[in-house]
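S.K.: Let me give you the structure first, and then I'll get to my questions.
The values are calculated or read from the model by the stated rules, or taken from the named source; none is laboratory data. All of these numbers come straight from a predicted model, not from anything done at the bench. Cβ coordinates were reconstructed from backbone atoms using ideal geometry, including for glycine residues, and neighbour counts include every protein chain displayed. Side chains are part of the model used for accessible areas, which takes the heavy atoms of the whole protein and leaves out ligands, DNA and RNA. Shrake-Rupley method; radii C 1.70, N 1.55, O 1.52, S 1.80 Å.
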Amino acid sequence: MAAERGGCSLEAVPLPPEVRESLAELELELSEGDITQKGYEKKRAKLLARYIPLIQGVDPSLQAENRVPGSSQATAAVSKQQKTRSTNSRDERFRSDVHTEAVQAALAKYKERKMPMPSKRRSVLVHSSVETYTPPDTSSASEDEGSLRRQGRITSTPFQSHSNVEPWLNRVIQGSSTSSSASSTSSHPGGKPAAASNTATATAAATVLADLMAHTQLDNHSAPPDVTTGLVEHLHHERPQVASVRGVPRGYNSSILETADGVPVNSRVSSKIQQLLNTLKRPKRPPLKEFFVDDFEELLEVQQPDPNQPKPEGNQMNVLKGEPLGVVTNWPPSLLAALQRWGTTQPKAPCLTALDTTGKAIYTLTYGKLWSRSLKLAYTLLNKLTTKNEPLLKPGDRVALVFPNSDPVMFMVAFYGCLLAELIPVPIEVPLTRKDAGSQQIGFLLGSCGVTLALTTDACQKGLPKAQTGEVVTFKGWPRLIWFVIDGKHLAKPAKDWHPQVRDATAEIAYIEYKTSKEGSTVGITISHASMLAHCHALTQACGYSEAETLTNVLDFKRDAGLWHGVLTSVMNRMHVISIPYALMKVNPLSWIQKVCSYKARVAVVKSRDMHWSLLAQRDQRDVSLSSLRMLIVADGANPWSISSCDAFLNVFQSRGLRPEVICPCASSSEALTVAIRRPPELGGPPPGKAVLSMNCLSFGVIRVDTEEKLSVLTVQDVGQIMPGANVCVVKVDGTPYLCKADEVGEICVNSGATGMAYFGLVGITKNVFEAIPVTAAGVPVSDQPFTRTGLLGFVGPDYLVFVVGKLDGLMTVSGRRHNADDVVATALAVEPMKFVYRGRIAVFSVTVLHDDRIVLVAEQRPDASEEDSFQWMSRVLQAIDSIHQVGVYCLALVPANTLPKAPLGGIHISETKQRFLEGALHPCNVLMCPHTCVTNLPKPRQKQPDVGPASMIVGNLVAGKRIAQASGRDVTQLEDNDQARKFLYLADVLQWRAQTTPDHPLFLLLNSKGTVASTASCIQLHKRAERVAVALMEKGRLNVGDHVALVYPPGVDLIATFYGCLYAGCIPITVRPPHPQNLATTLPTVKMIVEVSKSACILTTQAIMKLLKSKEAATAVDIKTWPTILDTDDMPKKKLASIFRPTSPDTLAYLDFSVSTTGILAGVKMSHAATSALCRSIKLQCELYPSRQIAICLDPYCGLGFALWCLCSVYSGHQSILVPPLELESNVSLWLSAVSQYKVRVTFCSYSVMEMCTKGLGTQTDILRMKGVNLSCVRTCMVVAEERPRITLTQSFSKLFKDLGLSARAVSTTFGCRVNVAICLQPNRLGKLAEQGTAGPDPTTVYVDMRALRHDRVRLVERGSPHSLPLMESGKILPGVKVIIAHTETKGPLGDSHLGEIWVSSPHNATGYYTIYGEEALHADHFTARLSFGDTQTIWARTGYLGFLRRTELTDASGERHDALYVVGSLDETLELRGMRYHPIDIETSVIRAHKSIAECAVFTWTNLLVVVVELEGSEQEALDLVALVTNVVLEEHYLIVGVVVIVDPGVIPINSRGEKQRMHLRDGFLADQLDPIYVAYNM
């Protein structure tokens, strides 16, 4: 752990090598847990005592602060063996001390950046181990329980003395290594810690180090300014262990943050966002110039090459020719011939020795045994396996070899047995579970190779998962296999007359080696008998193998170098192979060295990982000797990071007999086999080379040697010379294979007789890889022979040595520059590897988002890592990568230890990891996304053009032949309407007239949740009740004519009766939704607000609600003393009304309609008597309502069209309304549909929330409903009452779902109304005898528009299914008497057909104005009295505040006119202005909901120009963090927007109003006030 205990940088002090060595060993002991922290510190202090000048007079607790929590900075430079011993195949490949120093130096350069730390709910922290004691969620607003607030003083108080420390904190302090000191210095960004600045004696080095610490102990976890406590800001560390609570310099002021509406916000969330904004204000990368056109509208920027970027300057390279293959006199004609020769002439010679996990030799296979057993197996396979009396296998069939890594003997027998039987072995890994990483792809390979038989051992077969029948299960994606155990007892003795044909090597396939590509698909590479022989020949020559040599093999013998050296070439030369199983290496990493020593092996084949492990363990062994080795072949020498293992290994083992020239890195690829190998000098190899290359130049594909002082360099060693008999060239990576210049990195290509032939069954990619024809710059082919692409990126250096700098598989091309995944892993590990990343397990890959590769880094974190550590580590990794590679990381995810999918030998399965990341199945425990830094190719923000004047626009439209967009419903004056009711201008008169003429005609029927009738009202009953209410108002309430009365009732007949009572008394009614008894805190203030804003003099309500309004609970939410008079109407005296009030003119006020818009604005509109009766008449004509009709209404009766249908229309038209309160559906979802069916209703109205409840709640129950007799075939039209764009997907799924119950596909249609006019469109289906008279319109039409054009306020019609298309359904047929026009939002001029603008409406039933918009009176003055700026400037219009367009369709109305369809796009108030474009929240939300199956609902809003996405998670909280990246990706891809904050909450958190509309502003306020209790909040950087 901490290296800087002494407060002084060790780099500054020259330490003798032996002290460095002892320090390194100490480091190791600590990391392995062999020594306690205390012991470590004691021993370390002792070692260093002589070298570190003491710092006098400084409080030791302050020195401790000099640590960067958990970094091993100084040690990184000191210790060679800085890694923990690991059982994994990735970390050690990347060790380079130079690189580690470079990374630490790079981090030191960074000034601190405050980054907001994500907030996370306690329950999400369960991933980490239990001992970590993470505090309860620190994101609540009262955050001071644990902070020490001492202004301006350095606090160094031990924490335990504080009584208010929570118990978990104490445990953390005792049990956690990071909180060894609870003291702190007053370091604010840029200041030096007191330890360094107060002490004159501090060495220069200590100051440097302290400086470094000040910048690297990122302040990003300091909590954002605490705005809960007035103006003085106390910085409070948001760290679980409170390892350093910072005192704050005096007078540190912070301006109170305000939300967009200017309301101060007391919350941590907003301050975090402020931090985020501050981080984002840093200057971006240099601006980009060019564009490429993505379709037409939005121009995505394309990276222009920087004119100063390095370019290759060398000459074009030539094809490199290897030495010729030597002619050997008795060289066998095939590998099998060699086996036959040794098996018969040297049967006792040892071939292979297998070891167990203790390192004991369990069996030695001789050449005689190998030959006889292979024969037996070949005979058995060909003659003893039958199906239906046919032999199961014929020559050329493929057979799977499934052998564990601990059984090389059986594998070798199986391999050669197959070759002898002329079958093609396909070696694969042993599948452990049904869901192994990548196992499905292996199955795909087996299937495509037509494998039906798998060979295995008895022990292995017993260990495979079994089905109930006892047979081996069929693995996911695998073909059905017959499993055949090849242990001796299952093999038959060959017949006397049976002899296998040992042919000469031909071009027939010998075996197939599997390979997993970068994308995760598995391919089989075919190797012919001739290639196999030639490769053995070339290896024998290059490595100087001689007969009967001993070779130690640590690699997997099933494929790659392990197979080539340990199974094939060894048999060619009658060598003896000692095979070291992986399991033994895990237990004893030194085993291979011990075996080299005890068997006096001449050659060892290892990976750099094995060298690294043995370094970690070598202190236990002083007596091993490596002097017998003449070659130590490093199979992964092509990994640039292998050099540090090689150097370190040589350093340690040179004293044990290892000669430097013995180390021979080699480069190989599955397609080209061995490409190059370093020869020992006695075989004529040149001295080894080493190149120190500039990483920046490499990213442009250019080789520039750099000095090792530079931070970002890559040191690579050569992989020797090319193979005998091969030709090699380096070609450009992309496109045509042009030869590279001498100083250019390209893909190495090989032409020789010893490469693979093809990808089995894949002709296309085979041609690309195995038959490449390199050409010169002039386009001339360099040879008539095809070359094989190796997938290795490199160049040819001096002495014709080959250098490899990376692999195509790990290549990530980010905005034109190439980066290697391994290099990025190395940088991340150098940040502070042993402290944080679990066993160095890091995966780096790229994903394509918005036309470019984006880098994703996933690491496993140590089980004991705290939230703090993780965030700290993540921020530093970002800086290190940015500084060394000059590239941004798009997403950094941390997962719990041991959860990444493993490759067969314990490494990380990269493609599977990437797959999980993209599917949202990675389940990280921490995520940091940095789209703001990485995504530099967004379209340019739109600059608003100076607008063309309206007049020139209209001229332009006329010239272009565009008609002006206007439409109207039928003309009311023309319509014959013989109804008596139209004689009455006032609804009160209509009710009296109906009470006289048809007293017992039923008007209303109210249903309860059981579906039974709760109450009814006939004309006379309603009239009588209204009279009683009027009397009560005058006598009890002492109200005057014109007073306002709030009606607070549940949906029911009382509400209707009191409404007419008010009209009878001359009062102005306002219907108000009653407060929710269980949720008074949020619902009661709205009631209070409406009562106050509407200036109500009296409240009419029920006794129950009256009690509630005056209750103790209510008093906590509002001031209950200021209610106006409250009257209950439950039992009123039966008194006759003296006279019913007659208004003086139809233009006087009838009622007020109050509604809270989705943007959270309370708006009341004034409805005059004239407008009220005009509205009723218009609806009556459109829907053909007359007394014999019944309609069912499932709507809330408090505002808009819902109120009109519920309270007004029945009285006006005389039809009977069946009232279904939507609230009752919560206890009985099928209530509304059952009622419709029971009463055989032809016309019904509902809201989207009702429709959604039915779709979700009854989705699985249609059969049950059908059995109960629910039949919806009676429904002619079902209209959704809405003030928004029609929700196509919901209406379609509703229609589909209930089609089974007889609902006609054409029945469902939508309506549109808004505040200025509650009913603009209604779409009744063709009904009754009036259809001929032109009431029925054509079916609603749907068009598809381009979503990108909409952002620019343009309508562009596209075909269904085209990219970026958005379906829009017309909102219904325009009502009689209504005229609609589309006006330009700014110039207020009329627009042409199919142009997007604001919908303006003119009609006799427009509201007459706002009755105060709370706090916005001036703003909306012109909403009701707008005039066009030219054209028809006389008509007075009301502005709806909605964007939409009109389009003339091909359809005709009943009157023969062409039908004009109105399409509503969305409310102007709701739109988000981002990057100069206009976005509709619903479009972004639709994309987000599609991103993952667990996203139940989503809402977006902006805050200080940041896009905030709130997502409801329907699933386990483990999935919460998976959503962050998916949400960010989808919004980038589909909307070209960067998400600023992703908030993941529980289902039901997003508030929805009664119409089913999302209340985004309420949500925003809740978020900023920290009331959402989110599961996770991610701040994208």
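S.K.: Taking Ser579, is it modelled with pLDDT under 95, within 50 Å of the chain's Cα centre (by Cα) and of a type in the set (Ser, Thr, Tyr)?
M.R.: The answer is no for Ser579.
S.K.: Tally up the residues in segment 584-601 that are basic (Lys, Arg) and surrounded by 22 or more Cβ atoms within 10 Å (Cβ to Cβ), please.
M.R.: Residues meeting the conditions: 1.
S.K.: Among Ala510, Ala505, which is the only one that is aliphatic (A, V, I, L, M) and at pLDDT below 95?
M.R.: That would be Ala505, the only listed residue that is aliphatic (A, V, I, L, M) and at pLDDT below 95.
S.K.: Based on what the data block shows, is Glu290 of a type outside the set (Ser, Thr, Tyr), open to solvent by less than 70 Å² (accessible area, probe 1.4 Å) and modelled with pLDDT under 85?
M.R.: no
S.K.: Looking for something among the hydrophobic types (A, V, I, L, M, F, W, C), modelled with pLDDT under 95, in contact with a helix residue (DSSP H, G or I) (Cβ under 7 Å, 6 or more places away or on another chain) and assigned to a strand (DSSP E or B) - is there at least one such residue anywhere in segment 683-695?
M.R.: no
S.K.: Just the residues that are part of a loop (DSSP other than H, G, I, E, B) and in contact with a helix residue (DSSP H, G or I) (Cβ under 9 Å, 6 or more places away or on another chain), please, taken from segment 1190-1220.
M.R.: The answer is Leu1195, Asp1196, Pro1197, Tyr1198, Gly1214, His1215, Val1220.
S.K.: Another question, if that's okay. Taking the stated definitions as given, is Gly417 small (Gly, Ala, Ser) and in contact with a helix residue (DSSP H, G or I) (Cβ under 6 Å, 6 or more places away or on another chain)?
M.R.: Yes: the conditions hold for Gly417.
S.K.: State which residue is nearest to Gln943 (Cα to Cα) when the search covers only segment 1324-1362 and only residues that are of a type in the set (Asp, Glu) and modelled with pLDDT of 90 or more.
M.R.: Per the criteria, the residue is Asp1346.
S.K.: Give the residues of segment 1117-1150 that are small (Gly, Ala, Ser) and either under 18 Å from Ile1068 (Cβ atoms) or part of a strand (DSSP E or B) (or both), sorted by residue number.
M.R.: Ser1145, Ala1150
S.K.: Could you check how many residues of segment 1369-1384 are surrounded by fewer than 24 Cβ atoms within 10 Å (Cβ to Cβ) and under 37 Å from the mean Cα position of the chain (by Cα)?
M.R.: Going through segment 1369-1384 one residue at a time, the tally reaches 1.
S.K.: Output the residues belonging to segment 1151-1189 that are among the basic types (Lys, Arg) and in a helix (DSSP H, G or I).
M.R.: Answer for segment 1151-1189, where residues must be among the basic types (Lys, Arg) and in a helix (DSSP H, G or I): Arg1177, Lys1180.
S.K.: Tell me which residues, restricted to segment 1043-1078, are hydroxyl-bearing (Ser, Thr, Tyr) and closer than 22 Å to Val990 by Cα.
M.R.: Thr1058, Tyr1060, Tyr1064, Thr1071
S.K.: Tell me whether segment 1037-1046 contains one or more residues that are at pLDDT below 95 and crowded, with 24+ Cβ neighbours inside 10 Å.
M.R.: No, segment 1037-1046 contains no residue that is at pLDDT below 95 and crowded, with 24+ Cβ neighbours inside 10 Å.
S.K.: Just to be sure I understand the filter: pairs with C-beta atoms under 6 Å, separated by 6 or more residues or on different chains, first member in segment 1099-1121 and free of Cβ contacts under 8 Å to residues at least 12 places away in the same chain, second member assigned to a helix (DSSP H, G or I). Which pairs pass?
M.R.: Ile1120/Ala1114
S.K.: Residue under question is Thr364, and the condition is that it be part of a strand (DSSP E or B) and under 27 Å from Ser579 (Cα atoms); does it hold?
M.R.: Taking the combined requirement at face value, the residue satisfies it.
S.K.: A further question on this structure: Test Leu1080 against the stated conditions and say whether it is open to solvent by less than 40 Å² (accessible area, probe 1.4 Å), under 17 Å from Leu1162 (Cβ atoms), hydrophobic (A, V, I, L, M, F, W, C) and without any contact (Cβ under 8 Å) to a residue 60 or more places away in the chain.
M.R.: So Leu1080 does not fit the description; no.
S.K.: Take the residues in segment 813-837 that are in a strand (DSSP E or B) and buried (at least 23 other Cβ atoms within 10 Å of the Cβ), then tell me which one is modelled with the lowest pLDDT.
M.R.: So, considering only residues that are in a strand (DSSP E or B) and buried (at least 23 other Cβ atoms within 10 Å of the Cβ), the one modelled with the lowest pLDDT is Val837.
S.K.: So the check is Cβ under 9 Å with 6+ separation or different chains; which pairs have a first residue in segment 359-373 that's at positive phi and a second one that's assigned to a helix (DSSP H, G or I) and at pLDDT below 95?
M.R.: Between residues of segment 359-373 that are at positive phi and residues that are assigned to a helix (DSSP H, G or I) and at pLDDT below 95, the close pairs are Gly359/Leu584; Gly359/Val587; Gly359/Ser591; Gly359/Gln594; Gly359/Lys595.
S.K.: Still on this model: Within the group Lys496, Lys476, Lys462, which residue is of a type in the set (D, E, K, R), without any contact (Cβ under 8 Å) to a residue 24 or more places away in the chain and assigned to a loop (DSSP other than H, G, I, E, B)?
M.R.: Answer to the check: Lys496.
S.K.: Now for a different question. Does segment 895-914 contain any residue that is surrounded by fewer than 23 Cβ atoms within 10 Å (Cβ to Cβ) and without any contact (Cβ under 8 Å) to a residue 24 or more places away in the chain?
M.R.: Among the residues of segment 895-914, not one is surrounded by fewer than 23 Cβ atoms within 10 Å (Cβ to Cβ) and without any contact (Cβ under 8 Å) to a residue 24 or more places away in the chain, which makes the answer no.
S.K.: Right, another one. Being touching a residue at least 40 places away in the same chain (Cβ under 8 Å), of a type outside the set (A, V, I, L, M) and in a loop (DSSP other than H, G, I, E, B) is the requirement here; does Gly417 meet it?
M.R.: no
S.K.: Here's a follow-up. Among the residues of segment 780-808, write down those that are at pLDDT 90 or above, open to solvent by 40 Å² or more (accessible area, probe 1.4 Å) and not hydrophobic (A, V, I, L, M, F, W, C).
M.R.: Pro781, Asp784, Gln785, Pro786, Tyr800, Lys807
S.K.: Test Ala965 against the stated conditions and say whether it is open to solvent by less than 10 Å² (accessible area, probe 1.4 Å) and at pLDDT below 75.
M.R.: In short, no.
S.K.: Taking only segment 838-855 into account, find how many residues are in contact with a Leu (Cβ under 8 Å, 6 or more places away or on another chain) and open to solvent by less than 10 Å² (accessible area, probe 1.4 Å).
M.R.: Total meeting the criteria: 8.
S.K.: Report, by residue number, each residue of segment 624-643 that is under 46 Å from the mean Cα position of the chain (by Cα) and either open to solvent by 20 Å² or more (accessible area, probe 1.4 Å) or hydrophobic (A, V, I, L, M, F, W, C) (or both).
M.R.: Result: Leu632, Ile633, Val634, Ala635, Asp636, Ala638, Trp641, Ile643.
S.K.: Does Arg994 count as of a type in the set (Lys, Arg), in a helix (DSSP H, G or I) and modelled with pLDDT of 80 or more?
M.R.: Answer is yes for this residue.
S.K.: How many residues does segment 437-463 hold that are within 20 Å of Thr913 (Cα to Cα) and out of contact with any strand residue (DSSP E or B) (no Cβ under 8 Å at 6 or more places or on another chain)?
M.R.: Here the count works out to 3.
S.K.: From Leu1537, Leu1572, grab the single residue that is part of a loop (DSSP other than H, G, I, E, B) and within 18 Å of Leu1472 (Cα to Cα).
M.R.: The unique qualifying residue is Leu1537.
S.K.: So, one more: Could you check segment 696-725 and list, in sequence order, the residues that are open to solvent by 10 Å² or more (accessible area, probe 1.4 Å) and assigned to a loop (DSSP other than H, G, I, E, B)?
M.R.: Once the filter is applied, which keeps residues that are open to solvent by 10 Å² or more (accessible area, probe 1.4 Å) and assigned to a loop (DSSP other than H, G, I, E, B), segment 696-725 yields Phe700, Ile703, Arg704, Asp706, Thr707, Glu708, Glu709, Lys710, Leu711, Ser712, Gly725.
S.K.: From Leu1568, Leu1532, Leu1506, Leu1521, grab the single residue that is more than 24 Å from Ser1247 (Cβ to Cβ), touching a Ser or Thr at 6+ places or on another chain (Cβ under 6 Å) and open to solvent by less than 20 Å² (accessible area, probe 1.4 Å).
M.R.: Residue meeting the stated conditions: Leu1568.
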